Amino acid sequence: MHSNWITIKQQGDNEYSGYLSLPPSGKGPGLILLQEIWGVNEHIQAVADQYALAGYVVLAPDIFWQFEHRVSLNYDDAGNQQAFDYYSKMDFADAALHIKDAVATLRSLPAVTAKVGVVGYCMGGQLAYRTAASSQVDAAVCYYGGGIDRCLELSEQLTLPIMFHYAKNDSHISQAAVSKVKSAFKDKAKAIFYDYADTEHGFNCWGRPAMFNQKASALALGRTLTFLSEHL
């Protein structure tokens with residue numbers, strides 16, 4: 001398996017970076033991996049490598065590039081403060097436009113031999129939803145995406161297969177918000193929802209032991225890989 005940072009070019013002279021992880025075979029379906037608020041840090045790079053080991057060509061774009069290039073924050077007080085500061089300044093609609101450039105870059109790679117999907121965690125969960133609504137990818141997975149309930153008008157544009165993972169004890173996303181999202185997708189056969197009992201927000205992140213739930217993480221990963229194998 002090989003990984004490195006590559007350049008993602010945009011219109012004009014702007015460009016930013018993305019962490020690219022190739023599968024052992026060197027080729028496969030494409031997967032955009034969208035970060036939490038701590039950037040493309042050690043955890044997100046490990047998640048990218050995990051999907052690459054499953055056979056995907058994975059690109060994790062540096063979402064916070066407009067504030068600082070290659071943001072990689074720790075899960076400590078200083079890292080949390082910086083992460084939430086960047087998060088508070090971010091324009092989600094604008095970030096979704098930049099992700100289109102990452103999708104185009106990934107599709108152009110010779111290693112990508114099939115369709116392209118997107119998987120996002122936390123902040124990246126909402127961005128995966130927005131990316132899916134733009135029809136730039138072929139399937140999407142949203143892990144505990146905060147704020148989706150506040151942009152449900154985009155659901156009308158969404159026709160591709162999409163999967164949602166939610167924590168039942170999420171201290172950041174209320175069950176009322178989850179219910180709104182489910183209601184918006186009730187007539188969409190390609191939308192799948194999974195709820196995980198006794199789990200907190202960020203249950204997939206082993207870098208945060210207080211939130212990590214091994215059983216839920218493994219179950220969600222299995223469901224995600226099955227879903228991606230069916231649609232990519």
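What the table shows:
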| item | result |
| --- | --- |
| Filtered residue count, the stretch 61-101, keeping only those that are among the small types (Gly, Ala, Ser) and in contact with a Gly (Cβ under 6 Å, 6 or more places away or on another chain) | 1 |
| Meets criteria (open to solvent by 10 Å² or more (accessible area, probe 1.4 Å), under 24 Å from Gln50 (Cα atoms) and at pLDDT 95 or above) for Phe203 | no |
| Residues of the stretch 42-60 satisfying the condition of being free of Cβ contacts under 8 Å to residues at least 40 places away in the same chain and in a loop (DSSP other than H, G, I, E, B) | Gly55 |
| Qualifying residue in the stretch 64-83 (condition: open to solvent by 10 Å² or more (accessible area, probe 1.4 Å), part of a strand (DSSP E or B) and not polar (S, T, N, Q)) | no |
| Residue tally, condition assigned to a helix (DSSP H, G or I), over 15 Å from Ala140 (Cα atoms), small (Gly, Ala, Ser) and in contact (Cβ under 8 Å) with a residue 12 or more places away in the chain, over the stretch 196-232 | 2 |
| Cβ pairs under 8 Å, 6+ apart, first in the stretch 132-159 and under 25 Å from Thr199 (Cα atoms) and open to solvent by less than 10 Å² (accessible area, probe 1.4 Å), second of a type in the set (Lys, Arg) and assigned to a helix (DSSP H, G or I) | Cys151/Arg130 |
| Restricting the stretch 149-187 to residues that are among the β-branched types (Val, Ile, Thr) and modelled with pLDDT of 95 or more, the residue that is nearest to the chain's Cα centre (by Cα) | Ile162 |
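The values are calculated or read from the model by the stated rules, or taken from the named source; none is laboratory data. This structure is a prediction, so every number in the text was calculated from the model and none was measured. Virtual Cβ from ideal backbone geometry, glycine too; neighbours counted across all protein chains shown. Side chains included, ligands, DNA and RNA excluded: accessible areas come from the protein's heavy atoms. Shrake-Rupley method; radii C 1.70, N 1.55, O 1.52, S 1.80 Å.
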